[in-house]
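J.: Starting off with a structure, shown below.
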Amino acid sequence: MSDRPTTAVVLAAGAGRRLSPLTNRRPKPMVPVANRPLLEYVIEAASAAGVDEVALVVGYERERIQTHFGDGDDWDVSIRYVVQEKRLGTAHAVAQAEPHVDGPFLVLNGDRIVEPSAVADVRDALADGDAAAAMAVTRSDRPRAYGVVTVRDGFVETIVEKPRRRADSDVINAGVYAFTPAVFDAIRDTEASDDGEYELPDTVERLIDEGGVRAVRYGGGWHDVSYLWDLLAVTDDVIDRDGGTVAGTLAPGAGVDDRCVVAPTASVGRNAVVGAGTTLGANARIGPNATVERSVVFPDATVEAGAVVRDCVVGAGARVGANATVRGGTATVAVAGELHEGVRLGGVVGDDAAVGGATALAPGTVLGNDAVVGDGASVSGRIEDGVTVRRG
Amino acid sequence: MCGIIGYVGGRPALPILSAGLSNLEYRGYDSAGVALTDDALSVYKKSGEVSELQGILPESTDHTRGIGHTRWSTHGPPTDENAHPHTDCTGRVAVVHNGIIENYDALREELADHEFTSDTDTEVVPHLIEAELDAGAEPRAAVEAAVDRLEGTYAVVVTIAGVDELYATRRDSPLVVGHGDDGTFLASDVTAFLEHTRDVTYIEDGDFAVIGDDGLTLYRDGEAIDPPVERLEYEADAAEKSGYDHYMLKEIHEQPRALRQTISGRIDADAGTADIDVDLPAEYVDSIEEIQVVACGTSNYAGRYAAELLESVVDVRTTVEVASEYEFDGGRDPWRTLVVAVTQSGETADTLSAIRRAKRAGARTLAVTNTLGSTIVRETDDSVFIRAGPEIGVAATKTFASQVATLTLLAVHVGRARGSLSYGRARELLESVRKLPNAVQAVLDREDRVREVAREYADSDAFFFVGRKLGYPVALEGALKLKEISYDHAEGFAAGELKHGPLALVTEETPVLALLTDGSRPHETLNNVKEVQARGAPVIGATGTDGDGEASLGDGYVDVDLPVPETGALEPLVANVYWQLFAYHVADEKGRPIDRPRNLAKSVTVE
């Protein structure tokens, strides 16, 4: 077992722009699912699979990551931080970790939730064969959003990133790789993509012809938070998998479903209802008679008395005023010029945004950080950071 | 102020002592040394940081016991000779010491026939032991007899060639024993050996500790007693830099987390109560005429912040004293005076001495500290922990925030018990406390802007920090941070005082950093901002918003506007994070050794 890689390079330098405004101040790996950052699930899976050294590649808003994970002691791993000063793609990010790698190693995406078996199986596949690399693949019902892979005889045959037209298979790159140090030469030979970045799948494509890439089929839980509405769905799935934990101060008459995660310092007021699939972060406060269902409430946020909040993300320190209504349900949401129809998203209230009393947020409303909605206003669509909306 | 370490056990002593000294370096770093013991002593000493010493240490040795020391000079300059351990004439006895031996002149005269090689007070100790040994005393008796002669403050550890045991004792300087699986450790602070064990025994004043192959034997008043063993919760590696360039920056960024720990489980905003787990009976709190806060440096400024809150919001007469200036006097009634000591380490000698004066006078004492098991906790009637986690950077940052938050909770507790703080006002204050972690995070999110500003103004002639009321202690603290780590001339003033003198110092080359937030009378301070702008000084404002929460108070008046999230009376505390980042980036721009500023040490255990 001594030659089995126990070092993992974890990629956590990206910004995750599609999750704006949640990623305007925090990197995507620090977006919380069931009150724990995405990256924590990745580090835990690596640790459970026997990884003891982690080179964490950080960049965008890296202080949040460093402060949370420290030296990794709480996860039984030793973490070194590798700073990717310029974001020049995932292959470039891996290359930054070269000085910390000695022998075969794993590469994990810092924002995909996988189980330990994915990590262990990929490592073993590389160690037990003589391929240049191994990579986990899984099935997806929307393969075109990811790297589509075709597999022949246990080896990767083709890999096409986000195909424009039709996907040749439902099998996608799960974002878990094992490499030998030879990969660093392959990275140096990798050409920049159209937007000038060096991407790991392009490096993998080179390795298909230079020694072969073992495809490791993975059928376990795999969760990606690409879009804002994914956060609600993935939270639901993770609570379903791991069970809820309801701590915090619950006033008399407060009803909190077991399938919730409530931080010990959160509080729920009299007769408030907190429905299944909801998470309440540290210091979050739900006022009396409020209803919160299938929502993610970040730390320090407040939902005031009588508000109804469904299918909603309430950012850190945000305030949803008394009797405000986020009625929930499906909507068509535009992200970076692309329309997504029929997604279930009641709304997003950015960090430190303030939604006034008796306001109404139409499904799919996205309020930026520090945005202010005046009392009684009705809003829909996307409101940028810091903008104030008054009742007109 | 120094760091001590000792080890006896089954493993090579040298790497343990060497790593322990590195961990203790925050206590002093102008010279260091180790003594390794078997049938003879091998002593290595070097001026400079611990790394200098490590450069002259042998690769490895077979010794399994020894002592080490990192020094912060009080008597004699930092030279190789003045570095500890100190030895006797024969080279049989080696001693490390933290503290000050006040009667060393007299002792030195008495030891006239001994040959002294340093300027230190410490060197009398090995010579006293040598004299006792020469007179036929057994090693332990010799050390006890020598220590009996000492006046002043000390923690000493002694090793003698050919003797299997180390001897240690203390008076007013910290000393803690660690019980490992494969040996026993002794140190000024648990951080020295936390990677080896968390089972510890704190040595009390006057205790005599013998560390041998069988572990610790503890003598109190001449009788062997069962040493009380505690298990620590601190984590050894919590003290690493986690990808930050300096501990100070790491700790600045840890503030939201530290504040969460500080307030966790302590506030019930709906009930308007703060539970700080301290036994102050309501009748006693009601009877208090005055609260006196004693503290030094940054802790003193945290105390001033609290005093302003206690007086203006809670209606309790409160005074703040610099601990080294403190006397219990002025005709105060000790039965009606609560003396609150604020100290991060719980070992600050000036603060300990102030608290002893208060106790002698008969006043009740309360400690607000970050360190479980510290001397102040054992010496005061009650204590409250600020729960900020270990702080390594010499310049205090997160502990200031946690101190003020803790003291705010104390103020609410006192105000509610006395009935002088209304339910509504208590709720409001607690709501501000609850918002603190997130508000501080919002400031940290603007670090890039602060870095730009720091770069732009780094080369100024001097820096003046101004604020009123709750903003005044923050002005003092802001200036102190800059002095400590960038070595720039910086002063904090009550904004209204500028025109009574300091305005003469203001030029185009002296930026003024102004607090314009809730709790700091921003509209009045704006007048002072105009005064300095008229003299061409650039103004950097940490500004809140006006009444309806929209326009910045600094709009149109300040050159740089750093927004402070709404947190009521705690806005100045949030704004302070800007001043921390400013000081850090100015110092970083100048390449200063930020975690180890010249002439300073983390916790000052000499008066």
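J.: Just give me the residues in the stretch A:56-89 being within 11 Å of another protein chain (Cβ to nearest Cβ) and either in contact with a Lys or Arg (Cβ under 6 Å, 6 or more places away or on another chain) or assigned to a loop (DSSP other than H, G, I, E, B) (or both), in sequence order.
T.: Of everything in the stretch A:56-89, those that are within 11 Å of another protein chain (Cβ to nearest Cβ) and either in contact with a Lys or Arg (Cβ under 6 Å, 6 or more places away or on another chain) or assigned to a loop (DSSP other than H, G, I, E, B) (or both) turn out to be A:E61, A:R64, A:G70, A:D71, A:G72.
J.: With respect to A:I113, determine if the residue is assigned to a helix (DSSP H, G or I), over 24 Å from A:D385 (Cα atoms) and away from chain B (no Cβ under 13 Å).
T.: For A:I113, the condition - assigned to a helix (DSSP H, G or I), over 24 Å from A:D385 (Cα atoms) and away from chain B (no Cβ under 13 Å) - is not met.
J.: Give me the pairs, please: first residue somewhere in the stretch A:308-333 and away from chain B (no Cβ under 14 Å), second residue anywhere and hydroxyl-bearing (S, T, Y), beta-carbon distance under 6 Å, and either six or more positions apart or on two chains.
T.: Final answer for the pair search is A:V308/A:T291; A:V308/A:T325; A:V309/A:S295; A:C312/A:S295; A:A324/A:T359.
J.: Collect the residues in the stretch A:265-288 that are more than 14 Å from every other protein chain (Cβ to nearest Cβ) and over 21 Å from the mean Cα position of the chain (by Cα), keeping them in residue-number order.
T.: A:V273, A:V274, A:G275
J.: Identify, by number, the condition in (1) in contact with a Pro (Cβ under 8 Å, 6 or more places away or on another chain); (2) under 24 Å from B:D588 (Cβ atoms) that B:D488 doesn't meet.
T.: The single condition B:D488 does not satisfy is (1).
J.: For the stretch B:276-296, give me each residue that is surrounded by fewer than 23 Cβ atoms within 10 Å (Cβ to Cβ) and outside any loop (DSSP other than H, G, I, E, B).
T.: If the condition is that a residue be surrounded by fewer than 23 Cβ atoms within 10 Å (Cβ to Cβ) and outside any loop (DSSP other than H, G, I, E, B), then B:A282, B:E283, B:Y284, B:V285, B:D286, B:S287, B:E290 are the ones that fit.
J.: Would you please name the residue that is nearest to the other protein chains (Cβ to nearest Cβ), looking only at residues in the stretch A:289-307 that are within 17 Å of B:E431 (Cβ to Cβ) and among the acidic types (D, E)?
T.: A:D300
J.: Among the listed residues B:G297, B:G346, B:G303, B:G330, identify the single one that is under 30 Å from B:Y26 (Cβ atoms) and free of Cβ contacts under 8 Å to residues at least 60 places away in the same chain.
T.: Only one candidate qualifies: B:G346.
J.: Sticking with this structure for a sec: Being over 20 Å from B:L175 (Cα atoms), part of a helix (DSSP H, G or I) and within 14 Å of the chain's Cα centre (by Cα), is that true of even one residue in the stretch B:318-328?
T.: Looking through the stretch B:318-328, at least one residue is over 20 Å from B:L175 (Cα atoms), part of a helix (DSSP H, G or I) and within 14 Å of the chain's Cα centre (by Cα).
J.: Which members of the stretch B:213-234 meet the condition of being out of contact with any Phe, Trp or Tyr (no Cβ under 9 Å at 6 or more places or on another chain), assigned to a loop (DSSP other than H, G, I, E, B) and at positive phi?
T.: Within the stretch B:213-234, just B:D221 meets the criteria.
J.: Here is a further query. If only one of A:D189, A:D236, A:D242, A:D258 is acidic (D, E), surrounded by fewer than 15 Cβ atoms within 10 Å (Cβ to Cβ) and under 23 Å from the mean Cα position of the chain (by Cα), which one is it?
T.: A:D242
J.: Further question on the same structure: Could you list, in sequence order, all residues of the stretch A:25-55 that are of a type in the set (A, V, I, L, M, F, W, C), touching a residue at least 60 places away in the same chain (Cβ under 8 Å) and within 14 Å of chain B (Cβ to nearest Cβ)?
T.: Result: A:L39, single match.
J.: Can you pull out the strands (runs of 3 or more DSSP E) entirely within the stretch B:14-77 that have at least 2 residues that are out of contact with any Pro (no Cβ under 8 Å at 6 or more places or on another chain) and hydrophobic (A, V, I, L, M, F, W, C)?
T.: B:31-37
J.: Can you tell me which condition A:S78 does not meet? The list is (1) more than 21 Å from B:D445 (Cβ to Cβ); (2) hydroxyl-bearing (S, T, Y); (3) touching a residue at least 40 places away in the same chain (Cβ under 8 Å), and all the others hold.
T.: It fails just one condition, (3).
J.: Let me ask something else. Name the strands (runs of 3 or more DSSP E) wholly inside the stretch B:137-212 in which the number of residues that are among the aliphatic types (A, V, I, L, M) is 3 or more.
T.: Strands (runs of 3 or more DSSP E) meeting the threshold: B:152-160, B:208-212.
J.: List the helices (runs of 4 or more DSSP H) inside the stretch B:411-509, counting only whole elements, that have at least 1 residues being outside the structural domain of B:T567 (by TED's automatic domain parsing), surrounded by 16 or more Cβ atoms within 10 Å (Cβ to Cβ) and among the polar types (S, T, N, Q).
T.: In the stretch B:411-509, B:423-444 are the helices (runs of 4 or more DSSP H) which contain 1 or more residues that are outside the structural domain of B:T567 (by TED's automatic domain parsing), surrounded by 16 or more Cβ atoms within 10 Å (Cβ to Cβ) and among the polar types (S, T, N, Q).
J.: Output the number of residues of the stretch B:241-275 satisfying the condition of being buried (at least 18 other Cβ atoms within 10 Å of the Cβ), more than 19 Å from the chain's Cα centre (by Cα) and either more than 11 Å from chain A (Cβ to nearest Cβ) or aliphatic (A, V, I, L, M) (or both).
T.: Residues in the stretch B:241-275 being buried (at least 18 other Cβ atoms within 10 Å of the Cβ), more than 19 Å from the chain's Cα centre (by Cα) and either more than 11 Å from chain A (Cβ to nearest Cβ) or aliphatic (A, V, I, L, M) (or both): 6 in total.
The values are calculated or read from the model by the stated rules, or taken from the named source; none is laboratory data. Computed from a predicted structure; not experimentally measured. Cβ coordinates were reconstructed from backbone atoms using ideal geometry, including for glycine residues, and neighbour counts include every protein chain displayed.
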